[in-house]
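So the structure is just underneath, and the comments pick up after that.
What follows is calculated from the coordinates using simple rules that are stated; it is not laboratory data. Just so you know, these numbers come straight off a predicted model, no measurement behind them. Glycine also receives a Cβ, built like all others from the backbone with ideal geometry; neighbour counts cover every protein chain displayed.
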Amino acid sequence: MSVRGNRAAEKPATVTRGDDNDLADLFARNQAWAKSKTLVDPSFFSRLVGQQRPSYFWIGCSDSRVPATEIVNLDPGEMFVHRNVANLAMENDPNFAAALQFAIEALHVQHIIVVGHYGCGGIQAAMAPATADAIGDWLAPVRAVHHAHPCKAAPDQADANALCERNVVAQVEALAANRLVRTAWAAKAALTLHGWVYAISDGLLRAVCEPVHQDGRGVPPPDGTGRAR
């Protein structure tokens with residue numbers, strides 16, 4: 001049978017479309033949100049067009065339950081945000097490096113905040129055996145933190161919350177050593193690093209290390225319980 005005959009016998013691929021009503025609902029919600037904003041503040045969007053002067057750069061997890069600006073009650077334009085799985089601040093990641101450079105050099109943010117969250121799927125995955133895929137490669141730094149300082153709630157039970165906190169501290173330490181941050185500090189920029197954790201269970205943020213200023217102080221050594229002080 002010829003190739004042409006084979007092609008004639010093939011059935012066209014079936015494209016499965018999502019529920020268009022779901023997408024229409026998103027547009028309706030967007031319109032309602034925009035209307036509510038302008039009812040309260042008629043110039044809200046016109047101000048945003050020519051203004052982005054946030055003081056904060058938020059490095060958070062991609063988890064949909066941790067909306068950066070909402071949990072600190074800020075409006076658009078008040079916080080610059082970068083999110084990835086397990087809130088990593090890796091200098092060799094071009095996506096993160098570009099965001100960090102823009103935050104420091106263009107926006108001149110004063111505070112860089114690494115925010116992890118309890119119940120993080122990335123943290124839990126890092127405590128499991130490594131996988132030979134994109135997520136396995138991405139979580140290698142978290143897995144290294146876990147192997148270097150095993151976090152256990154009991155002799156036979158890993159403590160994901162403790163690793164979540166340790167990972168935040170590790171990312172703050174990485175930022176303190178980052179070339180862009182060190183250059184900003186050398187130029188006397190008023191830049192401070194912070195490490196926080198968000199609890200989905202009560203909606204509250206908690207600091208897991210002291211703020212890190214130009215002298216590099218503020219990140220405490222781990223204590224004997226496996227948690228960052």
| Distance between modelled label sites at Asn73 and Arg182, nm, 7 Å Cα→Cβ extension | 4.0
| message | Please report the net charge: other residues with Cβ closer than 14 Å to the Cβ of Gln110, K and R +1, D and E -1. | response | 0
| remark: Taking r as the C-beta separation of Tyr118 and Ala148 and R0 as 35 Å, the FRET efficiency to the nearest 0.05 is 0.95
| note | Here FRET efficiency (C-beta to C-beta, Thr131 to Ala97, R₀ 25 Å, nearest 0.05) is 0.50
| From phi via Karplus (6.51, -1.76, 1.60), per-residue ³J(HN,Hα) for segment 49-65 in Hz, x at Gly/Pro | 4, x, 9, 8, 10, x, 8, 10, 10, 9, 10, x, 7, 6, 3, 5, 8
| note | segment 59-214: relative contact order from alpha carbon pairs under 8 Å, six or more residues apart, as a whole percent, is 26
| said: Please give me the summed charge of the neighbours of Gly60: other residues whose Cβ is under 12 Å from its Cβ, Lys and Arg +1, Asp and Glu -1. | reply: 0
| query | So what are the ³J(HN,Hα) numbers for segment 127-144, from phi and the Karplus equation (6.51, -1.76, 1.60; θ = phi - 60°), rounded to whole Hz, Gly and Pro as x? | reply | 8, 8, x, 5, 10, 8, 8, 4, 5, x, 5, 4, 8, 3, x, 5, 4, 5
